[in-house]
Structures are given as C-alpha cells and as structure tokens.
1. Which of the peptides 29-41, 103-115, 11-23, 45-57 is most tightly packed, and how do the rest follow, judged by the mean count of other Cβ atoms within 10 Å per residue?
2. Could you work out which residue, out of GLY96, GLY63, GLY84, moves most in a Gaussian network model of the chain, that is, has the largest mean-square fluctuation with Cα springs under 10 Å?
3. State the extension gain, in nm to one decimal, for the chain segment bounded by ALA4 and ASP129, taking 0.36 nm per residue of separation less the distance between their alpha-carbons.
4. Between their Cα atoms, which of LYS140/LYS190; LYS45/LYS79; LYS79/LYS191; LYS27/LYS95; LYS20/LYS45 are more than 20 Å away from each other?
5. Which label marks the calculated value of volume of the Cα convex hull per residue in Å³, given the options (i) 163; (ii) 182; (iii) 117?
6. What does the charge count around PHE131 come to, taking other residues whose C-beta lies under 12 Å from its C-beta (Lys +1, Arg +1, Asp -1, Glu -1)?
7. Sort out for me the Cα centre separation of segment 1-61 from segment 135-189, rounded to whole Å.
Amino acid sequence: MATAQELFNRACNAYNNIIKILELTDKTFQDIAYKNEPSKRYDTKVTLAQFDMILQGILLSVGCSDGDFDATEVQFVDKITDYGDVLMYIKNETKGELDLNWDVVARLNNETQQKLVSLMPHFLNKLCDSFVTPLALMDKVMKDVDILDMIQKGIAEIIFCMSSLDGSADESEMKAAAQMVVELIVMRWKKVLNS
C-alpha cells in the first residue's frame, strides 16, 4: 500500500502534467485569437488559477462525501495546487461574507460541509465558463489531440490518490468527484465542441 507521501507525489505528477497541457493550450489559443489584438492577451496564470479553484472544489466534494474530511485530506487539497485558492475566490465573490480557510472547513460539521459542497457549482459557475471556453475551442480545432480527455484522466488520478489516503479509494468519494467533474467541466466543454 502506498504511503500518504507517495500518493501525494503521484497526484503532484498528474497535476503538473495538467498544468503543462493548460499552459500550452492557453498560450496557443491566445496566439491565434489575439494575433492582431495583443492588448487582449492575459497572463496564462489566470487560466491556471481557474483550474486550481475548480480542482479544489472537486476535491472538497471528495473529502466531504464520506462525512470525514480529515486533516490529511485538508492538507492534500490545500497543497496540491500552486496558482489559486477556491476559498479566497468564494470570499471575494461573497464580498467577505463567507471567509473560510481549509482548517476551518475541516472543523465544520458534516451538514455544513455538505451545504458548502452543494454551493460549489453556484460559486464556480462563471469561473468554469471562463476556464472552459478557450480550451474547448482549441480542443475543437486540434483534431489529433483530445485535451478534455487528458485533463479528465489527470483529475481522475488526483482524485484516486486523495481518495486512497485512508487506505482504499472509496466509491462514494469517486462518484461525488465524477459528478462534479461532469457538472463543472465536461458539460460545458461538450457544449462548446457541439456549437
């Protein structure tokens, strides 16, 4: 059985692979879309921060799905990402009314954690649209590469590693995560591909 550190390292490798894909795809999109309008270009770290916040929302649903979002899982969610923090984003979106950090979330009772998880798609709605659209447009153009599939496989690996921290990947955690991935990313992506 893998140790918590081995699982975290494995998840970090998957995360870093996704980041490389996102950087390349986003830069290519900007090169094409803003070729004649360089003032519209933006820092690719914006896209990476959006991904981090979406990933943290998904991992929060994983951690809370079994009613035991323990300290190891909290640390995993907090440390796996490099560019964005979904709790800071929520604080900004609620104008400071919902001011949380990962330790506070871990101490919330299960019912309150579930409410937070159920609100996550609402909080991330606008952010997900902004994240998915340029990447899906590139995916639509690039016939020999399936960007969505690569991102989904990387996320699945990260989810599996987090879910395995307690000794075995829990089916309820995997199901909760799959639902969030579909709701936050896949449905939007397919909508762009089919437009």
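1. Ranking the peptides 29-41, 103-115, 11-23, 45-57 by packing returns 45-57, 11-23, 103-115, 29-41.
2. GLY96
3. The span from ALA4 to ASP129 would gain 41.7 nm if fully extended.
4. Those over the limit are LYS79/LYS191; LYS27/LYS95.
5. Among (i) 163; (ii) 182; (iii) 117, the one calculated here is (iii).
6. That sum, taken over residues with Cβ under 12 Å, equals -1.
7. 13 Å
All of the numbers you see were taken from the coordinates with simple rules; none came from a lab. If you're wondering where the values come from, they're calculated on a predicted model, not measured in any experiment. Because the Cβ atoms are built from the backbone with ideal geometry, glycine has one as well, and the counts that use them run over all protein chains shown.
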